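Q: Before I ask anything, let me first share the structure, which is written out below as structure tokens.
Quick note: the coordinates plus some simple rules give every number you see, no bench work behind them. The structure presented is a predicted model; accordingly, all values stated were derived computationally and were not measured. All Cβ positions, even for glycine, are placed from backbone atoms using ideal geometry, and neighbour counts span all protein chains on display.
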Amino acid sequence: MKMRRRVLSNFAFALFVFLAANTVKGQGIVAANSNDAGQPRASATAPREAPDENGSTLHSRNWRYTIHPSDTLELSFMLTPDFNQTVTVQPDGYITLRYVGDISAAGQTLPELTASIKTAYSKILHDPVISVDPKDFEKPYFVVGGEVGKPGKYDWRGEVTLTQAIAMAGGFTDAAKHSQVLLFRRVSDQWTEARIINVKKMMSSRNLEEDPVLQPGDMLFIPKNALSKIKPFLPTSSVGAYYNPATF
């Protein structure tokens, strides 16, 4: 069983890396499975959710939006309104500031970028007071893949639990393995953590206390059950005779 889970996790992780490389802009990913002996190196102060049935936990992270290419930002100068301007983050991650030139913006939080802009303008203004307001930016999202009715990328709009996300994605297909839903989450800029969640047990016990709340950037992957993997090799007449839904 442990070997089977490890193979499944490795397969799902490979799929996650592929999807993430095509959906996350400019962010490298190194992942670790939360069921393995070695735990990802996350902040010691990072809050953690309740442990699952295997005793593993999933880190929760204080999420802050970071600037992406194509974001549009409005810069307001409280004391010198003549410097007010609207800038767009270029594909290379830089913005062009009036009178001071280009500075790097992508990957910074709004407070970090505000500090960078203030430093740049301190060369020509005395103690500038600047606010940065995002006007058009990449909306937070989560991804649901695998055996659901409508796999894809969904906008994150506040508190969404794992079971709610699956429902938004069209629910499980007949080929889904409800007992091994994988949740991938970034816990730092270098690490992504994976957790196997037994949704079947959670629903059958009618206890959603351990239904994790998703965070922006999370990915769910629902693998195929055993029957769907061997069904192509079985005579059609024999499937109904030997299929027991309670075993999947």
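Q: Whole-Hz Karplus ³J(HN,Hα) for region 197-208, in order, using 6.51 cos²θ - 1.76 cosθ + 1.60 and θ = phi - 60°, x for Gly and Pro?
A: Per residue, the Karplus-derived 3J(HN,Hα) values read 10, 8, 5, 4, 5, 4, 6, 5, 7, 6, 10, 9 Hz.
Q: Using amide H atoms built in the peptide plane, which far-off residues or other-chain residues are under 5 Å from Leu97 H to H?
A: Under 5 Å from the amide H of Leu97 lie the amide H atoms of Asp102, Ile103, each far enough along the sequence or on another chain.
Q: For a quick check of your reading of the filter: which GluC sites (Glu not before Pro) in region 104-199 sit in a DSSP loop and have no more than 12 other Cβ atoms within 10 Å?
A: Here the sparse-neighbourhood loop sites are Glu159.
Q: Hey, can you grab everything whose amide H is under 5 Å from the amide H of Thr173? Only 5+ residues off in sequence or another chain; H modelled, so Pro and N-termini drop out.
A: Val148, Gly149
Q: With a cap of 13 neighbouring Cβ atoms within 10 Å, and only residues DSSP puts in a loop, list the chymotrypsin sites (Phe, Trp or Tyr not before Pro) found in region 82-188.
A: Tyr99
Q: Label point 7 Å out from Phe137 along Cα-to-Cβ: which residues of region 66-80 have amide N under 20 Å?
A: Backbone N within reach: 66-78.
Q: For Thr72 and Glu159, what is the calculated FRET efficiency with R₀ set at 41 Å and r taken between the beta-carbons, to the nearest 0.05?
A: Plugging the Cβ-Cβ distance into 1/(1 + (r/R0)^6) gives 0.90.
Q: Starting with the fewest neighbours, write out Lys153, Lys123 ranked by other beta-carbon atoms found within 10 Å of each beta-carbon.
A: Lys123, Lys153
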